[in-house]
Amino acid sequence: AVGVVYLTHTDTATKIRYYTPSFGGFSVGVDYTPTQEEVDSGDLNGQFLARKDGLFAMQAKHVFEGGLIYEDELADDVDLLASVVGVSGRLTSRGEEEFADDEDDFGDEDWWGWQAGASADVYGFRFAGSFADEKVGEFERTFYTLGIGYGDEDTFNTSVTYGQVIDSTGTPFDKPYNLVFSADYALMPGLLLIGDVGLFDNDGTEPDYQGGDKGWQ
């Protein structure tokens, strides 16, 4: 299924990063990625930092990412975790006339996105959700996630999670969604029975995307 629940990011590209200690439940993380061979992928990243032009030139450069996180125990058996994360960078064309067909990979050089979310643990129940908006060249999308879970960490856990794009442009997928039911049970110490069932609809638009865009796993 189309990944509908997270921002386009730098993955494992070579970068500089820093995390602050926690102050009153708040902490901050930031990183800088000088170049990225393939956006939203760890493939080949960090191996060819000097490639600025040609067919194998970097797809992005000068990418900044950061997050503000808050974590606290509000009361006995009531925990809160919340965060806001963002990304900002510049997309690049292939940069050589002989590779002109590749210069329109993204349409323009803008790359930015943000996502805010929170989860709360309340007497064994966990409620969570997030909302996000991003632009990667001419590709834009707005999406959200929701989830609810219940269980005893040592014995039994179950959850239902859902993610859906509610608006998109520049993509062959209109409003894809993904729904997953999960559970695990401890048969004995060190032995878990785990299962997941998912339903998805990539909501492919014709004629860009041809069929086979629904299913379960």
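Values in this text are rule-based calculations from the coordinates and carry no lab data. Remember, it's a predicted structure, so these values are computed and weren't measured experimentally. Every residue, glycine among them, receives a Cβ derived from its backbone with ideal geometry; neighbour counts consider all protein chains shown.
Hey, rough spin-label estimate for LEU74 and THR20, points 7 angstrom out along Cα→Cβ, what's it come to in nanometres?
Output for this residue pair reads 2.3 nm.
What residues of region 179-199 lie in the reach of a label at THR155, counting those whose backbone N is under 12 Å from a point 7 Å from the Cα along Cα→Cβ?
Backbone N within reach: 186-187.
Label-point separation (nm) for LEU193 and SER119, each offset 7 Å from Cα along Cα-to-Cβ?
Once both label points are built, they end up 2.4 nm from each other.
Among the listed pairs LYS61/LYS175; LYS15/LYS214; LYS61/LYS214, which have their C-alpha atoms separated by more than 31 angstrom in this model?
Violating the 31 Å Cα-Cα cut-off are LYS15/LYS214; LYS61/LYS214.
Grab the other residues whose beta carbon is less than 11 angstrom from that of GLY29, score K and R as +1, D and E as -1, and report the net.
Value of the local net charge: -1.
How high is the relative contact order of region 101-165, given as a whole-number percent (alpha carbon pairs under 8 Å, six or more residues apart)?
26 percent
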